[in-house]
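Heads up: the structure comes next, in structure tokens.
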Amino acid sequence: MLTIAYIGNGKSTNRYHIPFSTKNKNIRIKTIFSRSNNYDWEKLENVTYVNNINDVWNDSEIQLVVVSTSSESHYELALEALNHNKNVLVEKPFTETAAQARALFDLAKAKGLFIQCYQNRRFDSDFLTVQKVINSGVLGDVFEVEMHFDYYRPETPEHTHHFSRINSYLYGHGCHTVDQVLSYFGNPSKVDYDVRQLLGNNRMNDYFDLDFYYEESLKVSVKSSFFRLKERPSFVVYGKKGVFVKQTKDRQEEHLKLFYMPTNTDFGIDLPEHYGVLTYIDEDGGYHEEKVVSEIGDYSRIYEGIYQTIIHGKDKIVKDEETIRQIEILEEGISHLE
């Protein structure tokens, strides 16, 4: 049994963590800490709710602390947890600087503790489906991959009148897609950055376009904007023999926002209208166009990996060097605005 506590009792904890940690019957949530006694989310049975953080630090039964608070507090709370000899899972973005990330990993190693970033988007359905298509070889050599994470939420940047690095769009959403790039394609030989404030200097970063270059002519582009009334495809993969287009994103978040939980057997599963389209030329020159049944996304795989690492000593799903490199890329990208 892995006994855990959550630091924070907001949307992140209740929507993006608890529905997935509770899928593993070997994980027990013992405590949830919040500074406030006002609870907007329904309380869980057999869970203790506290507003004194020492109730978490001083509880020897708690093996893992999950930091699920505002981004600017991640580093300090993770550091405090390690100093109280707790294993730690940290929401994205892991830290503001690569130096902070290195310091946390070094401290955890010195103390023999576990610390990892919650990169649940590695288990998005669309991303898993893209990997399946590339791995099949039907596209031949892959030359270009486009990844888009768009919104039409102009009110967000319009109502933000100051610049914040840790709360920038690059940090807040690049932490998803940059990690996907690093986890599957590896560390690029070069990165080009186009990071903007579309509403003017000293306003919110609301747009970014990063190009990752690899050997053998592969370029992976990550593009996001707050001003896309019509979203671009989630993924487009161009190969020597064809192309794969996945128009829609993973549906787990969509279902969670409707309070349709992973306890439902069809949770997060794509319908045929969501399937991506694969178009290719076969070895005989024949033209094919077909839909590809989507892989099933499942954020609980992160918690299963954490359980296996802490309890059974298995390798981490998210490697330390991947998290450090991600923060280096976010730092470098946002520095173009500072």
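The values are calculated or read from the model by the stated rules, or taken from the named source; none is laboratory data. All values derive from a computational prediction rather than experimental measurement. Note: ideal-geometry Cβ built from the backbone for every residue, glycine included; neighbour counts use all protein chains shown.
Data table
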read-out: Subset tally (residues that are in contact (Cβ under 8 Å) with a residue 40 or more places away in the chain and within 22 Å of the chain's Cα centre (by Cα)) for the stretch 197-216; value: 5
read-out: Answer from Val145, Val138, Val130 - the residue that is aliphatic (A, V, I, L, M) and either in a strand (DSSP E or B) or assigned by TED's automatic domain parsing to the domain that holds Phe33 (or both); value: Val145
read-out: Residue identified as touching a strand residue (DSSP E or B) at 6+ places or on another chain (Cβ under 7 Å) and modelled with pLDDT of 95 or more among Ser300, Ser234; value: Ser234
read-out: Test: residue in the stretch 297-316 that is aromatic (Phe, Trp, Tyr), free of Cβ contacts under 8 Å to residues at least 60 places away in the same chain and more than 20 Å from Asp126 (Cβ to Cβ); value: no
read-out: Residue check, Thr279 outside the structural domain of Ile27 (by TED's automatic domain parsing), under 30 Å from Glu144 (Cβ atoms), among the polar types (S, T, N, Q) and outside any loop (DSSP other than H, G, I, E, B); value: yes
read-out: Filter result for Asp250 (at pLDDT 95 or above, within 21 Å of the chain's Cα centre (by Cα), in the same structural domain as Phe163 (by TED's automatic domain parsing) and among the charged types (D, E, K, R)); value: yes
read-out: Scan of the stretch 261-290 for residues that are in contact with a helix residue (DSSP H, G or I) (Cβ under 7 Å, 6 or more places away or on another chain) and not hydrophobic (A, V, I, L, M, F, W, C), ordered by number; value: Pro262, Gly268, Asp270, Gly276
read-out: Filter result for Ser125 (buried (at least 17 other Cβ atoms within 10 Å of the Cβ), under 23 Å from Thr22 (Cα atoms), assigned by TED's automatic domain parsing to the domain that holds Ile18 and out of contact with any Pro (no Cβ under 6 Å at 6 or more places or on another chain)); value: no
read-out: Any hit, the stretch 236-246, residues being among the basic types (Lys, Arg), in a strand (DSSP E or B) and surrounded by 18 or more Cβ atoms within 10 Å (Cβ to Cβ); value: yes
read-out: Residue ID - surrounded by the most Cβ atoms within 10 Å (Cβ to Cβ), chosen from residues in the stretch 277-287 that are more than 19 Å from Phe235 (Cα to Cα) and of a type outside the set (A, V, I, L, M); value: Asp282
